[in-house]
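*Asks:* Sharing a structure with you now.
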Amino acid sequence: MRISRRKFVKWITASGIALSLSRLALAEESEFVARETLPGRQRWNPAATGAGRIDGVAKVTGAKLYAADFRAADMPGWPAKTSHAMLIRAADATHVYNGLDLSRLSGALKPAVVVTAADLARTGMRVPEFYAGDLLCPVGKTPLYLGQPVALLIFEDFDAFDQARLALRDAAVVKFGPETGPVKMPNYGQFRFTRV
C-alpha cells in the first residue's frame, strides 16, 4: 500500500509526533531574477497530475512572491521611499456621515495627505459609469453600504503608518449624524467580460 505524503503527515501528527525537514539557507541571497516563484509542471508537482495548485508548493515553502513583498527601494528605477495608505471605512450604513475625527493622530502620527470625497470632486475624478455610487462617501450623505470607504490616509513612512493603524484600531474615527436608515437603491447588476 502506497500512501500519499499528505496522509503520512496526518498520521504522524495524529500520533503526537511532528516531523519537520528544512534545508540550510545559503549565506548569500540570490538576485530576484534568479528566483523561481512558480515551479511549473514537473514530476513531483501535484499540479502535473491535475491535483492541487501550480503555486501550492511555492506557497508552502515560502518561495512565492506577493505584491506586499516588494518595496519601491527594491525596484530598479523607482524612488527609494515608499508611502503607505490606510483606507478608512464606514462602520455604519444607517446614519449620515459627518466627517473624520483624527485627533488621536498627533505629531509624527499625522498623515501627510488625507484624501476625501471632496478632494476627488475638486480634482474632477469620477468612477466609471458601471460602478454604482461614490468611490468615497461624501460628508452629509449616508454611506451606500457597510464598509464604504470614506477617506484615504497617506503616510510618508511605515512606522507612522503602523503606529497610526494601532491608534485608530478601536477608535471611533468616523463621525455619524442622524439616523436615516439604509439607502434604498435599485437592484444592481453589472457584467463585464475581458477577452485575452
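*Asks:* Give the residues of segment 53-91 that are in contact (Cβ under 8 Å) with a residue 60 or more places away in the chain and surrounded by fewer than 12 Cβ atoms within 10 Å (Cβ to Cβ), sorted by residue number.
*Replies:* Looking only at segment 53-91, we keep the residues that are in contact (Cβ under 8 Å) with a residue 60 or more places away in the chain, and these are 81-91.
Selection gives 81 alone.
*Asks:* Could you tell me which numbered condition residue 193 fails, if it satisfies all but one of (1) assigned to a helix (DSSP H, G or I); (2) farther than 20 Å from residue 99 by Cβ?
*Replies:* So residue 193 meets the others, but not (1).
*Asks:* Next question. Restricting to segment 147-173, count the residues that are in a loop (DSSP other than H, G, I, E, B) and either free of Cβ contacts under 8 Å to residues at least 60 places away in the same chain or loosely packed, with under 14 Cβ neighbours inside 10 Å (or both).
*Replies:* The total comes to 7.
*Asks:* Pick out the one residue from 140, 177 that is exposed (fewer than 12 other Cβ atoms within 10 Å of the Cβ), at pLDDT 90 or above and in contact with a Phe, Trp or Tyr (Cβ under 9 Å, 6 or more places away or on another chain). Reasoning before the result, please.
*Replies:* On the way: 177 fails: exposed (fewer than 12 other Cβ atoms within 10 Å of the Cβ).
So the residue among 140, 177 that is exposed (fewer than 12 other Cβ atoms within 10 Å of the Cβ), at pLDDT 90 or above and in contact with a Phe, Trp or Tyr (Cβ under 9 Å, 6 or more places away or on another chain) is 140.
*Asks:* All but one of (1) surrounded by fewer than 13 Cβ atoms within 10 Å (Cβ to Cβ); (2) at pLDDT below 60 hold for residue 38; state the number of the condition that does not hold.
*Replies:* Here residue 38 meets the rest and fails (1).
*Asks:* Can you tell me which residue in segment 90-141 is farthest from residue 175 (Cα to Cα), limited to those that are of a type in the set (S, T, N, Q) and in a loop (DSSP other than H, G, I, E, B)?
*Replies:* Pass one, segment 90-141, residues of a type in the set (S, T, N, Q): 94, 98, 103, 106, 116, 123.
Restricting the remaining residues to those that are in a loop (DSSP other than H, G, I, E, B) gives 94, 103, 106.
Values: 94: 12, 103: 12, 106: 18 Å.
Looking at residues that are of a type in the set (S, T, N, Q) and in a loop (DSSP other than H, G, I, E, B), I get 106.
The values are calculated or read from the model by the stated rules, or taken from the named source; none is laboratory data. Here the structure is a predicted model, which is why all the values come from computation and not from measurement. Ideal geometry is used to build each Cβ from the backbone, glycine not excepted, and the neighbour counts take in all protein chains shown.
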